[in-house]
Each structure stands twice: as structure tokens, then as C-alpha cells.
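See structure below.
The values are calculated or read from the model by the stated rules, or taken from the named source; none is laboratory data. A quick note: this is a predicted structure, and the numbers were derived from the prediction, not measured. FYI the Cβ positions are ideal-geometry reconstructions off the backbone, even for glycines, and counts take in every protein chain you see. SASA here: full protein model, heavy atoms, side chains in, ligands and nucleic acids out. Shrake-Rupley method; radii C 1.70, N 1.55, O 1.52, S 1.80 Å.
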Amino acid sequence: MVGTKELIKNLSVKHGIERKSLLPILQDIVEKENFLSNDSMIEVARILDISAAEVYGTASFFSFLDTEARGKYKIRVCKSITCDMKGKNETIKCIENILKIKVGETSKGGRFSLLETNCLGWCHKGPVMLVNDEVYTELTPEKIRETLSEYIREEK
Amino acid sequence: MSKNTITLIIDGTKVTVEEGTSILDAAKKVDIEIPTLCHHEDLCVAGNCRVCVVEEKGKNNLTASCAAPATEGMDILTSSPKVRRARKDIMALLVSEHNTQCTTCYRNTNCELQTLASDYNVDNDIYLSVLKNNTTIDKSSWSIEKDDSKCIRCQRCVRTCAEIQHVNALAVTHKGHEMKISTFMDFPMNEIVCTNCGQCIIHCPTAALTERRYYDDIWEAIDDPTKHVVVNTAPSVRVALGEMFDYEPGKIVTGKMVTALKKMGFDSVLDTDFSADLTIIEEANELLVRLKKAFVDKEEVALPMITSCSPGWVKFIEHMYPEHLGHLSTCKSPQQMFGSMVKTYYAEKKGIDPKDIVCVAGMPCAAKKYEANRPEMRDSGFQDIDAGLTTRELGHMIKQAGIKFQELPEENFDKIMGESSGAAVVFGATGGVMEAALRTAYAVITGRPVPFDNLNITPVRGMESIKEITIKFEDCVPEYSFLEGIEAKFGIAHGLTNARAIMDQIVEGKSPYVFIEIMACPGGCIGGGGQPIPTTDEIRKKRIEAIYAEDMGKPIRMSHENPEIKEIYESFLKVPLGEKSHHLLHTKYRKRKRY
Amino acid sequence: MTTHINKLGYIFSKDCECDDILKNTLAKTKDEVVSELIKSGLRGRGGAGFPIGLKWKFTASQPEEVKYIICNADEGEPGTFKDREILTQVPKKVLRGMALCAYVTGAKKGFIYLRGEYKYLVPHLQKNIDEFHEDMKKFNIDLNVEIFLGSGAYVCGEETALIESMEGKRGEPRNKPPYPNQFGYLGKPTVVNNVETLASTMIVFRLGADVYNNLGTKDQQGSKLFSISGDSPKEGVHEIELGMSVADFVNEFGDGDTKAVQVGGVSGFCVPRKNFNKEIIGEGNTTGGSTMIFNSSRSMYNVLHNFLDFFAEESCGQCTPCRVGCQQLLKGIEAVKAGEKSPKYLDQLIKLSKTMQITSKCGLGQSVTNSFTSIVNNFREEMIY
Ligand SMILES: Cc1cc2nc3c(=O)[nH]c(=O)nc-3n(C[C@H](O)[C@H](O)[C@H](O)COP(=O)(O)O)c2cc1C
Ligand code: SF4
Ligand code: SF4
Ligand code: SF4
Ligand code: SF4
Ligand code: FES
């Protein structure tokens, strides 16, 4: 919690304490802490002098501002039509098998969360997934395995 | 004319309005009613329900009349076939998302959605139900019940809590089909920064937000022969209860109300105004003591002193300004003073064991329910007030008892704590506590009545957001000579957004006042969260007029002249701020979390 | 009808020359710049198709001191990825377009509202912005540009929702009027333009308004980027002169077995094979440039279901017709497919989508009917059996 307080203080210096700073601050918290904890939302509310409900109401509007605990690596698989046509379901199954989690779940130890998302803007190269900010296109089972094992290795 | 005017045509009729007027308001000018749901005159425009759509000739898409300004030459149709079909479709959509249970619903016959759905004869079967079946009714709060299955997502409550109360306890969360009205992290209502003011309730068009109801408990107590059930009613109830029985707003129904309550079987029907007078004596004296400490003894005291009779306001300051609780008067609210007096003084006089007394309060307020349940409020050795009922609940109970309200004769309150002054009556309107306090304080300080025509301190009256008055004390009685020549400023705020402005001045050390009255609800208690729905500015004003009329009709107009008050000090309390008072009539506050 | 596919290379031509274009353009008066833009016929490429010249002119005429420019890079329409490509390959053109807008309107602060999904582009863009700030000194253009990241909400591409979210609020579209030109970011006059629109200004002033205007047809002038995806061997971004028929398009980009083309993304129209010859891409269906090609192996029910799922999720949820309507359409086609509702119910749903069109607050709810009606009407059997 001390860490969170410190972080948010720094972010408020970086982005300012007006309401318009809310999204950048929340985005940076998610980047550092993987999601928005109750404590962090309360702290942001305090610093911006708005209510915690407003912070939550705003955060919950945006799918990238997770208010549920998430893993260090958030895998977002595109479910929009062309990715769907090109094998989104197989992609998901493949990831589920490797990480032993279902869509919406976070792996034990909090490393990976598997999520679906709307169009990622790579429709011509589907199926596509985002791991945090990195894009992976034209996914095949091999490519998925390769990519994920890199993340798994890196963690160790 | 300061503003430009605009002429448009609505349903074939020429209308001229000021620039910036909405189509909806322009239509009202020529008596054309356009249905609305998300619109509320107290609140900013949302334009999200879309039932107010109208057709602008030459445009394919319809226009939301509440949100669109009238422009020169517009040709508007408010009830074309296209409009009617679209409206009916929207209504059908709202119904498809709604847990329609009108027969068992608290807002049955007083629901904006129901009225519209009925006017348009919406077919329940057109669409599939998309009602979320995972919602439960949140009954965690003493005051507020939240039932998301009845919510039409008009956001009126959210705007109320933000604009009028500046609390922002409610927020719109999520998006798309998951969008809903919720609290921080969907916490239950009793765990959040809610003041229980109930303003969201009276701004809600449906039964999604209602007061938690206690009347079944009361009926049970009335039916229990071992219980002595006492009811006391606040001044604002008598000027609004009539609205539940088809009287015009502003009708004073004191006598009929008393008769109805007696008929319902209450053992004693008493007047909260009595304890309002008591509050004034204690509070005025508390102020004088603080002033003396500050001026004569040069002690550190918290000034300005602020009134504490509005429990929503009290919870607000506990949450938002926990470091400044010293400014609050330690006086309990009239309701709670009443309760502790009933279970001590009244019990003693009547020779009834206080454990057999059930004390009920009829209030214009939702927060009073919560206040009655505060652990601090048990100084009589029992829970001082067993239940707080809203004006609306009282209305329901009267109907349940099969009483024809309009036909009732008029009776007087029972004795022992049934007598009151006009000063107590004006408690119901914003500025009223100030007026009552000044009538008594001025008399105590100078030995003369306040220098206003008929004791009517008009500067403290009215709907202005923050009011102030300066009073100069001259020719003071010897005890208060330290106030000689002093010009003291008094402030009044209603609605918590205005309260916040007053508090921020205090925090900055810039408050010009010695004494401040704050009421949580706009207009004061007459606009409370427990009052009949609708409550609008026009209705608030009518209720306020009734309050002042009732005051003028009272033979006694100052609290300290109420004979029952004199009697209670002589025989029971002895002196204001004395030991008994301290124990029974004053209280403490607690610091609460801001978030 | 004779149309032709004219593949062009204006937008992605090297962006090193755009400082010269800017220099020459800044030699003109503001009024001249505006009237050339109007003459060029360049319309917004973000979907609504508003003439850029008029938008700038109106904002320029606002008396306020402080004004803003926002480059809309929220590109969330499924099937659209051309703005990402522009920002990757020729960000300079976009920034020069913003500089021109600053010159015309007097704005001193600009933002690129970049969707969160494209966050990986930030370092690249920031580098270009830094260079831009340096370069603009010699033009006396005082425009500070900042990146604002979105956070995953399609509706924030709608300009007023975008502004709300920049102000730290939920991305709920505002009531219009007032439009952003008058009352935009922080209440100040604000120009919101799509990435491609801004970049296209550089083409207009490179070719001259007349030449630009001669591209395309009577109704649709200029060239345009198309994001092509689906059952096509040539998926990707292609710059094409406006005014080509769907038939030609399919010949060029289809896989030989094309059954339908979705023009304009999920909020656009679905053109079935039988209409390929009748429809001109970009006409009557102002387009953000997304074209999705479906071959005969695809179930149009699945396509529609996917679209409706998208809308039901990405609607901001504030207004009744869109929030509830999207759910009804989705549940409705499921019920028909499952035999729980009779096929006639589809007609009821089409009526509903029309109500959504005329009563919804913003373009999202208003355009659901486009894909819904065109798919249901043209592929009715697929909806039922
Ligand atoms: C639901 C919705 C989503 C939109 N998304 C985008 C978008 O991603 N990018 C964009 O440039 N315009 C988008 N628009 C259009 C914008 O509201 C706006 O018209 C546009 O940014 C103006 O720029 P232009 O005139 O250059 O096209 C969207 C509109 C709606 C209704
Ligand atoms: S909220 Fe209104 S419409 Fe809904 S059940 Fe209650 S009375 Fe009926
Ligand atoms: S009771 Fe008052 S403070 Fe609580 S949610 Fe309602 S309006 Fe807000
Ligand atoms: S709770 Fe009531 S006021 Fe609030 S959005 Fe729902 S229906 Fe409207
Ligand atoms: S049409 Fe949909 S997205 Fe647009 S304001 Fe209404 S609910 Fe929101
Ligand atoms: S009353 Fe106008 S949109 Fe709701």
C-alpha cells in the first residue's frame, strides 16, 4: 500500500491532479500493478478530489482499466469477425491448454490472464492477440507455443 | 429583453421563446406535454432515455426535445405517427429490461415508467425479457433500498447525488448491456459514503430507489396491547402529507393528520415541534456559551457553530470534514431529543415503563431512519426512537387503515410534549432553525424581541442557495454585555453542495459567520428525501408558504415561551445545558472515512 | 456502368516532401487554405464524412482564445486498420495536417488520441512529435502535440465521447448541439479529425484542389484507403480512387467465391452477391474504409451475431434504444435461430433497428440498422435455418 501511495503521488506529479488526468493516471497504475485495486482507486479519488465511485464508474467503462485482479501478462485475443473466421476459437483453446486457464481467469501465481477483446486493428493478419502492449499476428499453434514459452521462461 | 428570442412552430402553433430554451420547454409554453423520463427540472439535461423524441420536419432522425435547443424556424411535430411509434417502441424496450411487478411495487400508482407505459398501452410481449436475473435488492442501509431490477438507467439519482448533494456516492458503472447504477466496487449502500439523505429517492422515476420501510413493525407494535406506541410528527409532514391524498401542494393538514394517527391506534399523538423548541433552547444557549468563551474567557472554541438537526448533513460532515466536527452543535436533532424525552420524562409523567414504549417518528426524511439506529442514540437506556417513518410511509399506513383522509375532522395533538411555538414550525423550511434560534437568542441577549415585523426574519427565508443575515446587538442585558455593539453574521445553506461551499470557507479559515444553519435537502426538510413524490421547486415553495402560514397562526411564536418547555425545565431538566440535558439531549460525532 | 480500380500511392508516398508542401501552403492566407480544402471535396475519413474545409472554417470563426485540435486515432471499427498503417508509415503527414489546422484555426494545443491497442506505437510517434516540434519552429507554427491513450472502448472514437474520456470521464457521447467546433475539449472550440483526413490534406495541397477533386466520382472525391480483410488473398491496406463498383472490387480482391462484402465496417452495409453490380463503394454509405469479404463458406448468421455481440458490448449504454435495442436484436436472432420465435419476428426486429436509427443519441446506435437490415434481408434463410 505504501508503494501504491507513493506511485500515485508520483503519477499525480507527472500527470497533474485535475479530472482530465484521471485516465493517464489509471493507465499507469494498471501498467505498474496489473490492475486497479480498491486502495489505488481510493487513493486516486483522494488526490483528484473526486469520489471513489466516480473513479470506479469511469474505470469500469474501459476494458483496459481492469478493476479485477489480473496477471502480470494480460493476453487479449481478438474476437472480432475476421479473427473469428480465421481461427480465434482454436487460438483460445491452444492458450487455454498451455496456461491451464479459461477465458477470464488468471493463472496461479498471477502471471497470466486470458481475456477476449474486440478488434485489435490487425484484421488482415488474424488471428491476433495482444500480450500487454505487444501484438502477435497470424497466430498458429506453433507460434502461440513459442511466444508463450518465451514469457514463461522470462518469468523464471 | 436581454436575450434574443426565437420563434418556432410546434404542432402548427407559433411559439416564441428565449434563445437557449429547449424544445420541451417551448412546448410547455403552449401546453403541449411531451413525455419524459430522464429529465428532471432540478437536474442538468441528460438526454438519455429518448422518450421525449419529437420530429423535426425535414429530418429523418428524431430529436430529443429535452436536450435540443429550439432554433429559429424549426417546425416540430410532437405526436406524429413516427414519433408515437418510436416512443412506444422505446417504452417497450424499457419494459423488456424491467422487473415489472406493479401490483406489489412500492411506487405503484406513483411511478413515471408505469404512467407512460400505461398511457401508451405498451405490449409486454413484443420483446424478449433482457432483465438481468442476477440482481438482488440491497437492503443493507437503514434508510435506502436499492433494487436494480427496477432501474431504467436514467441517471437521475447519479446527477442528484452529484449536483445537489456533491456526494457522488452513486455512479454509472460499466458499459453496454452491463451498464448500471452502482457504488464504489458495487459495495452495499451501508458501506459507502452515502448520507442517507434520500434525495436520490425523490428524484428516481421508479421504485429502483426507495426508503427502507418499517410500517409492518409499527402495525405490530400498535396491535400489541402491552406496548404504548407514541408517534411524533415533524413540521414538514403536515404541509406535505395532504399531497398523498390529492390535496394541492401547500395544504396544511395538521388536524386531519392527528385524527388519522389517533384512528390508526397510536396511543399518543405528539408533536416533534415540542422538541424543536427544546432544541432551540439548548442550541441558542450552546451558542451563547461558545460566544462567551470566545469573547470573555478568550478560550479556543470552534466557531462558527453549525446546526446538527439534519442527520444527512451530520453524516456528510463526518465523512467529508472529519477534522471539523467541533463546529457542530452537540445538540441532538429534535427527533432524537423527542425520543430520549419520551422514554424518560414522558414515561415518568405517565407512569409507564419505558421498555414498553415504542416511539415512532413521522419524518420528511430518509436519513432519520438511519439516525434512529445510530448507536449513540440510546441515552434513555433504550433505543430512543424505535422507527422513523417517511411522510410517504405515513400516507401508505393511513390508506392501509382504510381512512378517508379528506373527510376527517380535525383534532389537536395530545398533551405532554404536544405543545409548540411557531418557531418550531419554521424548522421545516430552510432558514427556519436560524429564524427560531434568533428569535430566542436575541430575546435572551437583549431582553427584547427581534426587530423584525411580526418576528418574521425574512432575510433568512427563501430558496436562495446560501443566505446570510447580519444582526447588531445593542442595549444588551448585563449578562451579555460582551456582545454589545457587535454585528454578528449568520449563514444558511441547504443542499449539501451548498454546505460544502460553507465548509470550505471554514477549512480555509475564512468563514464570516458565528452561526450557520445547514440542511441536507434543498428547501430544508419540506424538500426532504421522505416527502411525497414529485418534489419540485414549485412544490417546495408552496410547502414553505404553508410553513410560514402555520407559524403566523400560532399564538406563541418563540420557543422559550412554550409553556410545556418552561414546565420541562422546571420539573425535569432544570437548566439548559445542565447535567440532564447533557446526558439526554446532546451527543457526540464520529470521524468517518472519506472514501 | 463502367468503373475502374485505380490503385494509388499518394498517402504512403514518402513523407519527406511534406515540409515543402506545408511551406507552400502556409504562404497562402487562411481563407485561401480553407476554400481550397472546400474545393477539393475532401471529406472526413473517420466515418461521418463531414467536409474538412467547413469544419476548420467554423472553428476558425469562433472567438475563443484557446482552441484544440484532436487527431482521432481511436480506430476501433472492426475491420479497420488503415490509421495504424498511416501512423506507422507516414506520421509526418498527419502532423503536418495538424500544423495546417493550427494555422487556420489558431489552436496551439493538439492531441493524438491513440487507441490503447496501439500503445506499442507510442515511442515511434513520440519521436516524430519531438522532431515535429523542432521542425515547426522554422514555420512559426506554435502547436504543441501530445499523445493521449485510449483504454479500450470503441465508442470513444465518437468525437464527443472521445472528448469526455479525455476529460477523465466515462466515454458517453454528448448531446449535440453544441458540436465540438463550438464546445469541445474542456468546453473550448475543438477540431476533431481522423488520421487519414489530416494526412489527406497533404495530398490535396500536393496535387492542388482541382486535381484532387477530379479523382473519384461526382459524389465522392479523392482517393481513400481501404482496409481489406476476410476471405481475400490481398488482405491489407490499399489506396483506391473513390467510386468503384463492388463487382470490380470483388474481382480485384475477392477469392473467387465471394458471397458478400461488408462495406464500412460493422456499422456499414452488407452487400450480397446479387447487388455487386449495383453498389458503388463509398456512395450512400460513407465509409471509414473497412471492407470485409465473406466467401460462401461463411455463415452470415455468425457474422451478424458477432456484430451484434460487439454492439451490445461496446454501446456506451446510456441511451435506451441502443442499450436495450442491441441486446434485443442479439437475443432476437438467437431466438429465431433456435425456433423460439417465428421467422416473422425478424421483421419486428428490423422495425426495432429503425427505431434505434432515428432515436439513438449517437452514430453507434443509429447505424446498427445498417448491417442488421442488410444482412437479415439478404440472408434471411441463414437467419432461420
Ligand atoms: C461509434 C462511433 C465510432 C467512431 N469511431 C471513429 C474512429 O475510430 N476514428 C475516427 O476517426 N472517427 C470515428 N468516428 C467518427 C467521429 O465521431 C468523427 O466524426 C470523426 O473523428 C471526425 O473526423 P473526420 O471528419 O476527419 O472524419 C466514430 C463515430 C462513431 C459514432
Ligand atoms: S417501478 Fe413502476 S413500473 Fe416498475 S414495477 Fe414498480 S410501479 Fe411498476
Ligand atoms: S441518499 Fe443522498 S447521499 Fe445517499 S446516494 Fe442518495 S442522494 Fe446520494
Ligand atoms: S435508480 Fe432510479 S434514478 Fe437512478 S438511474 Fe435507476 S431509475 Fe433512474
Ligand atoms: S447510441 Fe449507443 S453508444 Fe451512442 S449514446 Fe446511445 S447508448 Fe451510447
Ligand atoms: S427526457 Fe429527453 S431524453 Fe429523456
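Within the range B:174-185, one or more residues are part of a loop (DSSP other than H, G, I, E, B), touching a Gly at 6+ places or on another chain (Cβ under 9 Å), surrounded by fewer than 24 Cβ atoms within 10 Å (Cβ to Cβ) and without any contact (Cβ under 8 Å) to a residue 60 or more places away in the chain.
Sub-8 Å Cβ pairs linking a first residue in the range C:46-57 that is more than 14 Å from every other protein chain (Cβ to nearest Cβ) and more than 8 Å from ligand 1 (Cβ to nearest atom) to a second residue that is open to solvent by 10 Å² or more (accessible area, probe 1.4 Å) and not in a helix (DSSP H, G or I), at least 6 apart or interchain, are C:P51/C:G41; C:P51/C:R43; C:P51/C:G44, ordered by first then second residue.
Yes/no matrix, rows are residues, columns are (1) open to solvent by 50 Å² or more (accessible area, probe 1.4 Å); (2) under 23 Å from the mean Cα position of the chain (by Cα); (3) aromatic (F, W, Y):
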residue: B:L408; (1), (2), (3): no, no, no
residue: B:I416; (1), (2), (3): no, no, no
residue: B:E419; (1), (2), (3): yes, no, no
residue: B:V433; (1), (2), (3): no, yes, no
residue: B:L438; (1), (2), (3): no, yes, no
residue: B:T446; (1), (2), (3): no, no, no
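Where in the range C:280-385 are the helices (runs of 4 or more DSSP H), entirely inside, with at least 2 residues that are within 27 Å of C:P177 (Cα to Cα), more than 10 Å from every other protein chain (Cβ to nearest Cβ) and open to solvent by 10 Å² or more (accessible area, probe 1.4 Å)? In the range C:280-385, C:363-378 are the helices (runs of 4 or more DSSP H) which contain 2 or more residues that are within 27 Å of C:P177 (Cα to Cα), more than 10 Å from every other protein chain (Cβ to nearest Cβ) and open to solvent by 10 Å² or more (accessible area, probe 1.4 Å). Within the range B:136-151, identify whether any single residue is within 16 Å of ligand 2 (Cβ to nearest atom), in a loop (DSSP other than H, G, I, E, B) and open to solvent by less than 50 Å² (accessible area, probe 1.4 Å), and answer yes or no. Yes, there is a match, as at least one residue in the range B:136-151 is within 16 Å of ligand 2 (Cβ to nearest atom), in a loop (DSSP other than H, G, I, E, B) and open to solvent by less than 50 Å² (accessible area, probe 1.4 Å). Contact map, the range B:155-171: residues that are within 15 Å of B:R594 (Cβ to Cβ) and within 16 Å of ligand 6 (Cβ to nearest atom) paired with residues that are of a type in the set (A, V, I, L, M, F, W, C) and open to solvent by 20 Å² or more (accessible area, probe 1.4 Å), Cβ distance under 7 Å, separation 6+ or inter-chain. No pairs are found. Looking for something small (G, A, S) and surrounded by fewer than 22 Cβ atoms within 10 Å (Cβ to Cβ) - is there at least one such residue anywhere in the range C:258-277? Checked against the condition, which is being small (G, A, S) and surrounded by fewer than 22 Cβ atoms within 10 Å (Cβ to Cβ), the range C:258-277 yields no hits at all.
For the range C:161-190, enumerate the residues that are away from chain A (no Cβ under 14 Å) and among the basic types (K, R). Give the derivation first.
Within the range C:161-190, the first condition is being away from chain A (no Cβ under 14 Å), and the residues that meet it are C:174-183, C:189.
C:R174, C:K176 - these are the residues of the range C:161-190 that are away from chain A (no Cβ under 14 Å) and among the basic types (K, R).
Looking across A:E116, A:E138, one residue alone is closer than 10 Å to A:R76 by Cα and either polar (S, T, N, Q) or open to solvent by 20 Å² or more (accessible area, probe 1.4 Å) (or both). It is A:E116. Among residues of the range C:299-320 that are within 16 Å of ligand 2 (Cβ to nearest atom), those with a Cβ under 7 angstrom from a residue that is part of a helix (DSSP H, G or I), sequence gap 6+ or separate chain, pair up as C:T320/B:I90; C:T320/B:L93; C:T320/B:L94.
Can you find a residue that is aromatic (F, W, Y), at pLDDT 95 or above and touching a Lys or Arg at 6+ places or on another chain (Cβ under 8 Å) anywhere in the range B:552-569?
Narrowing the range B:552-569 to residues aromatic (F, W, Y): B:569.
The next check asks that each one be at pLDDT 95 or above; those that pass are B:569.
Now narrow it down to the ones that are touching a Lys or Arg at 6+ places or on another chain (Cβ under 8 Å): none.
Scanning the range B:552-569, I find no residue that is aromatic (F, W, Y), at pLDDT 95 or above and touching a Lys or Arg at 6+ places or on another chain (Cβ under 8 Å), so the answer is no.
If you go through the range C:112-124 and pick out every residue that is surrounded by fewer than 21 Cβ atoms within 10 Å (Cβ to Cβ) and away from chain A (no Cβ under 11 Å), you end up with 1. From the list C:F132, C:F148, the one residue that fits, being within 14 Å of another protein chain (Cβ to nearest Cβ) and modelled with pLDDT of 95 or more, is C:F148. Checked against (1) more than 25 Å from B:S182 (Cβ to Cβ); (2) touching a residue at least 24 places away in the same chain (Cβ under 8 Å); (3) open to solvent by 40 Å² or more (accessible area, probe 1.4 Å), B:A86 passes all but condition (3).
Among what's in the range A:57-88 and is open to solvent by 10 Å² or more (accessible area, probe 1.4 Å) and under 23 Å from C:E167 (Cα atoms), pick the residue that is farthest from the other protein chains (Cβ to nearest Cβ). Restricting to residues being open to solvent by 10 Å² or more (accessible area, probe 1.4 Å) and under 23 Å from C:E167 (Cα atoms), the top hit is A:T67. Could you grab me the full set of residues in the range A:105-122 that are closer than 18 Å to A:L65 by Cβ and among the charged types (D, E, K, R)? Of everything in the range A:105-122, just one residue is closer than 18 Å to A:L65 by Cβ and among the charged types (D, E, K, R), namely A:E116. Only one of the numbered conditions (1) surrounded by fewer than 20 Cβ atoms within 10 Å (Cβ to Cβ); (2) away from ligand 6 (no atom under 16 Å from the Cβ) is not met by B:N61, and that is (2). As an exercise: evaluate B:V575 against (1) in contact (Cβ under 8 Å) with a residue 24 or more places away in the chain; (2) not in a helix (DSSP H, G or I) and give the number of the one condition it does not meet. Condition (1) is where B:V575 drops out.
Listed by position, the helices (runs of 4 or more DSSP H) contained in the range C:1-61 that have at least 2 residues being open to solvent by 50 Å² or more (accessible area, probe 1.4 Å), out of contact with any Ser or Thr (no Cβ under 6 Å at 6 or more places or on another chain) and more than 19 Å from C:T105 (Cβ to Cβ) are C:18-26. When the range B:64-83 is filtered for residues that are open to solvent by less than 20 Å² (accessible area, probe 1.4 Å), touching an Asp or Glu at 6+ places or on another chain (Cβ under 7 Å) and either among the acidic types (D, E) or within 12 Å of chain C (Cβ to nearest Cβ) (or both), the ones remaining, listed by number, are B:S80, B:V83.
Can you find a residue that is part of a helix (DSSP H, G or I) and within 18 Å of B:F184 (Cβ to Cβ) anywhere in the range A:9-19? For the range A:9-19, residues part of a helix (DSSP H, G or I) and within 18 Å of B:F184 (Cβ to Cβ): present.
The requirement of being among the β-branched types (V, I, T), open to solvent by 50 Å² or more (accessible area, probe 1.4 Å) and away from ligand 6 (no atom under 16 Å from the Cβ) is not satisfied by B:T115.
Just need a number here: residues in the range A:125-148 that are in contact (Cβ under 8 Å) with a residue 40 or more places away in the chain and farther than 23 Å from C:E85 by Cα. Residues that pass the stated criteria total 4.
The single residue among B:H177, B:H166 that is outside the structural domain of B:C66 (by TED's automatic domain parsing) and over 26 Å from B:Y370 (Cβ atoms) turns out to be B:H177.
Go over the candidates B:T233, B:T195, B:T210, B:T226 one by one and state the one that is of a type in the set (S, T, N, Q), in contact with a His (Cβ under 8 Å, 6 or more places away or on another chain) and away from ligand 6 (no atom under 16 Å from the Cβ). Spell out how you get there, then give the answer.
On the way: B:T233 fails: in contact with a His (Cβ under 8 Å, 6 or more places away or on another chain); B:T210 fails: in contact with a His (Cβ under 8 Å, 6 or more places away or on another chain); B:T226 fails: in contact with a His (Cβ under 8 Å, 6 or more places away or on another chain).
Answer to the check: B:T195.
Consider the range C:211-245 and keep the residues that are more than 28 Å from C:L37 (Cα to Cα) and of a type outside the set (K, R). The one that is farthest from ligand 6 (Cβ to nearest atom) is C:P233. Counting only residues that are in contact with a strand residue (DSSP E or B) (Cβ under 8 Å, 6 or more places away or on another chain) and buried (at least 23 other Cβ atoms within 10 Å of the Cβ), which one in the range B:186-199 is farthest from B:R594 (Cα to Cα)? For the range B:186-199, the residue satisfying everything is B:G198.
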